[in-house]
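The values are calculated or read from the model by the stated rules, or taken from the named source; none is laboratory data. Nothing here was measured: the structure is a model prediction, and the numbers come from that model. Every residue, glycine as well, gets a Cβ built from its backbone with ideal geometry; the counts of neighbours run over all protein chains shown.
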Amino acid sequence: MPAQDMAKLKIEKSEKIVRPNRRRKRIFVIAVVILLFLTAGGLYFGGIIVPAVSVDVTTVSQVYPSQSLSLLNASGYIVAQRKAAVASKVTGRLEALMVEEGSKVKEGQVIARMENADVSAFRNQAVANLNTARATLEQVKAERDNALKEYERYKQLVAKGYVARSDYEAVETRYRRSAEGVKASEAAVQSATAALQNADVSIEYTLIRAPFDAVVLTKNADIGDIVTPIGAAANAKAAVVTIADMGSLQVEVDVSETSITHIRVGQPCDIQLDALPNQRFQGEVYTVVPTIDRSKATVLVKVRFLNKDPRMLPDMSAKVSFLSRRLAPSELKPRLAASQSALIAKGDATFAFLLEGTRVKETPVRTGSKLGDMMEILSGLKAGDRVVIKPPKGLKDGSRIKVAER
């Protein structure tokens with residue numbers, strides 16, 4: 001048994017050759033790693049692998065020259081200076097409605113009608129009474145004319161002594177009574193005429209007319225609703241429609257009281273509507289309301305449009321730029337521009353680093369006039385192009401870049 005245990009401690013030949021193999025493997029791995037480092041270094045110093053440069057970029061865009069002339073900016077809303085909630089002068093049930101939202105109405109046009117059967121009957125009665133009064137007047141006038149003729153004849157006869165004085169006086173009395181009867185009938189005609197006018201006014205009260213040329217904004221009542229000017233009943237409507245004069249649209253903005261000295265009546269303005277972002281409108285200060293809002297420390301300024309668009313609607317949000325001078329016709333259109341910090345002057349030429357994927361391309365550009373802190377681009381770039389601003393030293397054509405995160 002001890003001899004067998006000693007045999008187990010014998011070293012096999014296969015175990016003797018393991019260590020040299022492991023040593024060779026380590027040498028091989030180290031050689032491969034060194035070779036990779038040498039290759040990477042060669043590529044780097046040979047210009048094949050270059051680290052990406054972190055840069056800031058901006059976008060070439062269309063800008064308006066008015067932006068460089070702005071003294072002050074303010075936000076507000078379009079407000080119709082002539083706006084009315086049209087209602088009836090009398091309480092009644094709405095019988096007809098001739099307009100709807102968006103309808104254009106003219107001054108005096110009937111836009112709704114209240115029930116008027118009772119006032120129509122009253123008017124018919126007034127017409128009949130007037131006709132009766134007129135007929136009576138014609139009758140008493142005929143009697144007066146006849147009495148006048150008889151009175152003139154008796155006057156001549158009594159002067160010659162052909163008739164008694166008492167007969168003459170009786171004829172004279174009848175004539176004077178008929179003359180007074182004509183006056184009474186004329187008064188009756190006037191009274192009947194006034195009653196008819198009153199009936200016409202009552203009927204007119206049941207007709208709701210547009211007070212001025214306008215567009216219907218909202219319809220506040222429907223046929224069958226009770227309409228009353230004071231809204232006494234719980235289900236009563238105070239107004240039938242709301243209208244606005246689109247020709248009176250102005251922009252109302254709140255300006256800080258500390259900046260109000262920069263604004264004057266007639267000052268040119270540039271107006272941008274959020275609903276029409278690709279179009280600018282020219283305007284001027286119409287009035288500065290001489291009241292300060294204590295809670296906001298602002299002054300209300302009204303700006304009128306010099307050019308309007310049928311797409312303008314009340315309560316649209318607007319931005320107003322108060323300009324230092326009026327724009328020339330050539331300054332009304334947008335221009336292509338880029339930040340001045342993105343342009344590099346090299347002699348008489350100007351360049352910009354244009355982003356193309358993960359690299360930049362040194363692109364020659366032709367510039368125009370300054371637009372504030374931007375420069376007009378006449379050629380070389382287009383709207384939407386992204387260019388490097390404040391290019392770092394060492395940036396060149398074809399350099400790999402990465403956009404700095406903000």
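Just a few scattered comments:
- Inside region 375-406, residues that are charged (D, E, K, R), over 25 Å from SER66 (Cα atoms) and not in a strand (DSSP E or B) make up a count of 6.
- Flag if ILE111 is touching a strand residue (DSSP E or B) at 6+ places or on another chain (Cβ under 8 Å), among the β-branched types (Val, Ile, Thr) and farther than 30 Å from LEU323 by Cα: yes
- LEU327 at pLDDT below 90 and under 30 Å from THR59 (Cα atoms): yes
- Within region 332-369, being exposed (fewer than 15 other Cβ atoms within 10 Å of the Cβ) and either touching a helix residue (DSSP H, G or I) at 6+ places or on another chain (Cβ under 6 Å) or of a type in the set (Ser, Thr, Tyr) (or both) holds for THR358, SER369.
- Pairs are defined by a Cβ separation below 7 Å, a sequence spacing of at least 6 or placement on different chains, a first member in region 218-244 that is in the same structural domain as GLY102 (by TED's automatic domain parsing) and part of a loop (DSSP other than H, G, I, E, B), and a second member that is among the hydroxyl-bearing types (Ser, Thr, Tyr) and modelled with pLDDT of 90 or more; the pairs so defined are ASN220/THR242.
- Scanning region 197-211 for residues that are surrounded by fewer than 18 Cβ atoms within 10 Å (Cβ to Cβ), touching a helix residue (DSSP H, G or I) at 6+ places or on another chain (Cβ under 8 Å) and under 30 Å from VAL140 (Cβ atoms) turns up ASN198, ASP200.
- If only residues of region 142-192 that are hydrophobic (A, V, I, L, M, F, W, C), in a helix (DSSP H, G or I) and over 30 Å from ASN129 (Cβ atoms) are counted, the one that is modelled with the highest pLDDT is ALA170.
- Check on GLY372, closer than 15 Å to SER68 by Cα, surrounded by 12 or more Cβ atoms within 10 Å (Cβ to Cβ) and modelled with pLDDT under 85: yes
- Condition broken by TYR168, with the remaining ones in (1) farther than 21 Å from LYS219 by Cα; (2) in contact (Cβ under 8 Å) with a residue 24 or more places away in the chain satisfied: (2)
- Among the residues making up region 100-129, those that are of a type in the set (A, V, I, L, M, F, W, C) and either in a strand (DSSP E or B) or touching an Asp or Glu at 6+ places or on another chain (Cβ under 8 Å) (or both) are VAL105, VAL110, ILE111, ALA112, MET114.
- Residues located in region 36-65, provided they are at pLDDT 70 or above and either assigned to a loop (DSSP other than H, G, I, E, B) or of a type in the set (A, V, I, L, M, F, W, C) (or both): PRO51, ALA52, VAL53, VAL55, VAL57, VAL60, VAL63, TYR64
- Members of region 72-99 found to be of a type in the set (A, V, I, L, M, F, W, C), exposed (fewer than 14 other Cβ atoms within 10 Å of the Cβ) and part of a strand (DSSP E or B), listed by number: ALA85, ALA96
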